[in-house]
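Read through the structure below, which is laid out as structure tokens, and then see the notes.
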Amino acid sequence: MKKGKNYGPVKESRFPSSLFVIFFVILLLMSGIHTGLIVLVNRLECHAVVQCIIPMIYWGMVAAALTLFTRRKIRSAYEEPMHKLAEATSRVANGDFSVYVPAFHTQDKRDYLDVMIMDFNKMVEELGSIETLKTDFVSNVSHEMKTPIAIVKNYAELLKAEHITEEQRKEYAESIEGAAMRLSNLISNILKLNKLENQRIIPEVEAYDVCRQLCDCILQFEETWDEKEIELETEIDDVAMVEADESLLELVWNNLLSNAVKFTEHGGTVSVKQTSEESFVKISVSDTGSGMDTDVMNHIFDKFYQGDTSHSKEGNGLGLALVKRVLELMDGDIQVFSKPGKGSTFLVTLPAAGASENKDGGKQ
């Protein structure tokens, strides 16, 4: 008996030790009957040939009975489960992810074959989820691409008109440029997310000053702050060293700041705060926007999910999915705190520079 991962005690063999006792008792019984037959044929003074044939027939019947018994045990212990598993595997190979194979024993009597079946069921469930996500992804990408393409097409047709003013021509051109930019950002984000999810981007983790990076990213939005008359509040140390990929983390700050600006009403406030602990550096980005309910917060890191459709033209729902994946690669974490009408706060936690060395040193 050994412990299986997440499954509790698991038996190593499908044949019970009581099988030895069963065979031993049967053979003892058969040997006793054999002795009785020998005594019987001797008393009946049967012919020598008959005395040889009767024990042979008897042991032939015993061998046949033991073979059938063993065959039945093998069939129930191995063949039937494996046939069911093979049938289920064939259905999965043909695209049926609704397959479920029940375990053969209760929790207290599980063996390794039960564990294999449970792992198979879990694998099929995950494959089904991936297939659903893939279908949704293709559907969402198609939908997101249709809108800017339709805008480009419509305004391009309007530009063909002969009797339009220069002001209208400029307006149509700007609309086409905006749609093209949105399409370009969508494709760029899809490619980035695809590379991150398939781990084709190897993070170049190194120690660097995240405070400097935060300040640089904030300055990039200076024009937008002024345009919406947003008040910016910052509480950032002079220096805070983290261990991460600087270029990938820039995606995180730009996405969080962009969302904060986007969802903050005219004249609102955006706050960026940073605190340092022994092993972690925490950065929060808060806004005084519309906020989110629990249902929206549960899905904001899903691809293409946009809880507030009033701002759907300003993004494609991939930004926070990118943020989540980047932080997973950096051994970081992100939490969201929000209430409808009271704004939102995104809290990012990153390993501080030297945290891994201190941790290893503490173990020695």
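The values are calculated or read from the model by the stated rules, or taken from the named source; none is laboratory data. Just so it is clear, the structure is predicted and the values come from calculations on it, not from any experiment. Don't worry about glycine lacking a Cβ; one is built from the backbone with ideal geometry, like all the others, and counts go over all protein chains shown. Please note that ligands, DNA and RNA were not included when accessible areas were found on the heavy atoms of the full protein model with its side chains. Shrake-Rupley method; radii C 1.70, N 1.55, O 1.52, S 1.80 Å.
The figures follow:
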| quantity | calculated |
| --- | --- |
| Accessible carbon and sulfur surface of the range 44-110 relative to its total accessible area, %, 1.4 Å | 63 |
| Protection proxy ranking, peptides 332-339, 32-39, average beta carbon neighbours within 10 Å, highest first | 332-339, 32-39 |
| Distance between modelled label sites at Gln168 and Cys46, nm, 7 Å Cα→Cβ extension | 11.6 |
| Ala207-Tyr78 pseudo-label distance in nm [points 7 Å out on the Cα-to-Cβ vector] | 5.8 |
| Total charge dipole magnitude, the range 15-95, about the Cα centre, Cβ charges on Lys, Arg, Asp, Glu only, Debye to nearest 20 | 180 |
| Ordering of 346-353, 120-127 by burial proxy (mean other Cβ atoms within 10 Å per residue, highest first) | 346-353, 120-127 |
| Residues whose placed amide H lies under 5 Å from that of Tyr208, excluding near-sequence neighbours | Val242, Ala244 |
| Glu328/Phe97 FRET efficiency (R0 22 Å; Cβ-Cβ; nearest 0.05) | 0.30 |
| Å² of accessible area per residue within the range 56-108, as computed with a 1.4 Å probe and no ligands counted | 73 |
| Label-point separation, Glu235 to Glu126 (7 Å along Cα→Cβ), nm | 4.1 |
| Listed peptides 80-91, 236-247, 280-291 by packing density, highest first (mean Cβ within 10 Å) | 280-291, 236-247, 80-91 |
